[in-house]
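K.L.:
Structure provided below as structure tokens; questions to follow.
Rule-based calculations on the coordinates, nothing more; no lab input. Bear in mind that the values here come from a model prediction, so they are computed numbers and not experimental data. Please note: Cβ atoms are built from the backbone with ideal geometry, for glycine as well, and neighbour counts cover all protein chains shown.
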Amino acid sequence: MSVQPSNASNVLPNPLKVRVVIPCRNEAGYIGRCLRSLIDTDRIGMQVEAWVCDGMSDDGTREEIEALAALHPWIKLIDNTARTTPQAMNLGLRPGGYDVGILLGAHAEVETDFLRANLDCLAAHPEAGCVGGIITNVYTDASSRRIGAAMGHPFGVGGAHFRTGLKEGEVDTVAFGAYRWEALAAIGFVDERLARNQDDELNFRITRAGWRIILSPRIRSRYFVRASLKKLFRQYWQYGYWKVFVNRVHRTVTTSRQLVPAAFVLFLIAGGALAFVHPLLALCFGSGIALYSIVAIASALHAAERVVDAPGVLLAFVTLHLAYGTGYLRGLLDFIVLGRQPKGSAATSSR
């Protein structure tokens, strides 16, 4: 059933109440920069509050938040005793009392017009339940730079337009989304069973309820990439794994592109085995590997900021595809074939 905003014009309440929700745990050195970027944003004509839902950090994070909150009472420290990401999100979103709720990462910094650009986009699109923008990666080392280049290229992440910046207008998901209260209240907030993919699943329900999601290049933020191939593999394995649970809950494949990495892994497994059966099958398998390699190398050269980074970008591409694909296949086994239920949520409340 289609749902429309209660104010079907372009006029939003004045003053507009905006709540920025930041899941956080042990983010000393990052959370202060995140909050200071919000302090520097244009907040004229808005009632803004930032709720940092902290998973009981013990590294100095809470002291950073408390010091800034003492100077800026609109910044609030919320205890997240569950210490998980979806619970942190709902601690900030469920209580209500706002017109627009924004989910932000503790590793993020926003541009000075970030809030204004979000609200302008919502005003221009009354049919939108959520809007979002482009994330620019900031690299802390060479490894992060190469991984970030892979995550910002279509060969690495497909249609994740908030990373690639290749599309403006209606999309199926955004990161750091700004949500109308009416949309969140209508669909039931964040699914706390999900260790990963909370944003994607939330956005899927937004669109299924009849709202649109709009991507605007005016909405810009920076994300400090703290990455390694080991962390990348774990992250995308979980993305693939939990995507299957989302599909089971909604009884549909939410996006067709999610099937590509799993098909690639199946090709490697089945093709590698069948290559020993017949020379023609071996030729087909070899041709497939050659085609993938050519496209991957060309994409790595295109994505790399420096030529010397290309091998690292190529390795990150392979890691992304194998991690997501194997995670997805394991999810099919656990959630579809064996009918298992989730055992728990995320072990961290950072984003």
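K.L.:
Ignoring everything except DSSP H segments at least 4 long, calculate the 222 nm mean residue ellipticity for the chain; use -39,500 (n - 2.57) per segment, divide by total residues, nearest 500. Provide the component values of the computation, followed by the final result.
P.N.:
On the way: 13 runs with 161 residues, N = 351.
It comes out at -14500 deg cm²/dmol, rounded to the nearest 500.
K.L.:
Compute the length gained on full extension between D79 and L259: take 0.36 nm times their separation in residues and subtract their Cα-Cα distance, giving the result in nm to one decimal. Can you show the working numbers first?
P.N.:
Details: separation 180, 0.36 × 180 = 64.80 nm, distance 3.78 nm.
Answer, rounded to one decimal: 61.0 nm.
K.L.:
A further question follows. Could you calculate the FRET efficiency of S293 with T252 from 1/(1 + (r/R0)^6), where r is the beta carbon distance between them and R0 is 35 Å, rounded to 0.05? Could you put the intermediate results ahead of the total?
P.N.:
Numbers: r = 33 Å, r/R0 = 0.95.
Working from the Cβ atoms, E equals 0.55.
K.L.:
Taking the simple approach of a point 7 Å from Cα along Cα-to-Cβ for both L301 and A273, what is their distance in nm?
P.N.:
Result: 3.6 nm between the two label points.
K.L.:
Further, regarding this structure: Looking at the chain, what % of its DSSP beta bridges pair antiparallel, to the nearest 5?
P.N.:
Numbers: 11 of 39 bridges.
Of the beta bridges lying entirely in the chain, close to 30 percent run antiparallel.
K.L.:
Say R0 is 45 Å: what FRET efficiency, to the nearest 0.05, do A142 and R208 get from their beta-carbon distance?
P.N.:
Numbers: r = 41 Å, r/R0 = 0.92.
Given R0 = 45 Å and the Cβ-Cβ separation, E is 0.60.
K.L.:
Hey, another quick one. Starting at 0 and stepping by 10 Å, how many percent of the alpha carbon pairs of region 27-112 end up in each bin?
P.N.:
Calculated P(r), rounded to whole percents: 16, 53, 28, 2.
K.L.:
State the extension gain, in nm to one decimal, for the chain segment bounded by R340 and A282, taking 0.36 nm per residue of separation less the distance between their alpha-carbons.
P.N.:
Working: separation 58, 0.36 × 58 = 20.88 nm, distance 3.66 nm.
Contour length minus Cα-Cα distance gives 17.2 nm.
K.L.:
Here is a further query. What does the charge count near W74 come to, summing +1 for each Lys or Arg and -1 for each Asp or Glu among other residues with Cβ under 9 Å from its Cβ?
P.N.:
Working: positive: R43, K76; negative: E49.
Value of the local net charge: +1.
K.L.:
Rounded to the nearest 20 Debye, what is the dipole magnitude of region 76-171 about its Cα centre when Lys and Arg each give +1 and Asp and Glu each give -1 at the C-beta?
P.N.:
Numbers: 8 positive and 10 negative charges, 83 e Å.
Charge dipole, region 76-171, about its Cα centre: 400 debye, nearest 20.
K.L.:
Just to confirm the number: angle between the C-alpha axis of helix 198-208 and the first principal axis of the chain, 0 to 90 degrees, nearest 10?
P.N.:
Helix 198-208 sits roughly 80 degrees off the main axis of the chain.
K.L.:
I need the P(r) histogram for region 106-197: all alpha carbon pairs, bin width 5 Å from 0 out to the longest distance, whole percents.
P.N.:
Histogram of Cα-Cα distances, whole percents per bin: 2, 11, 18, 22, 20, 16, 8, 3, 1.
K.L.:
Rounded to the nearest 10 degrees, what's the angle between the helix 114-124 long axis and the longest principal axis of the chain, both from Cα atoms, 0 to 90?
P.N.:
The angle comes out near 90 degrees.
K.L.:
Using a cut-off of 15 Å between beta-carbons, work out the net charge of the residues near A296 (Lys and Arg +1, Asp and Glu -1, A296 not included).
P.N.:
Details: positive: R146; negative: D309.
Once positives and negatives cancel, what remains is 0.
K.L.:
Using only C-alpha positions, report the orientation-averaged shadow area of the convex hull of region 52-153, nm², one decimal.
P.N.:
Working: hull surface 35.6 nm².
About 8.9 nm², averaged over all directions.
K.L.:
Still on this model: Given the convex hull of the Cα atoms of region 159-310, what is a quarter of its surface area in nm²?
P.N.:
Numbers: hull surface 48.6 nm².
If I average the Cα hull's projected area over directions, I get 12.2 nm².
K.L.:
Against the longest principal axis of the chain, how steep is helix 279-303, in degrees 0 to 90 to the nearest 10, with axes from Cα atoms?
P.N.:
Computed tilt is about 40 degrees.
K.L.:
In bins 10 Å wide, starting from 0, what share of all Cα pairs of region 16-228 does each bin hold, as a percent?
P.N.:
9, 35, 40, 15, 1
K.L.:
For region 233-266 and region 70-148, what is the separation of their Cα centres, given in Å?
P.N.:
Using only Cα atoms, the two centres lie 25 Å from each other.
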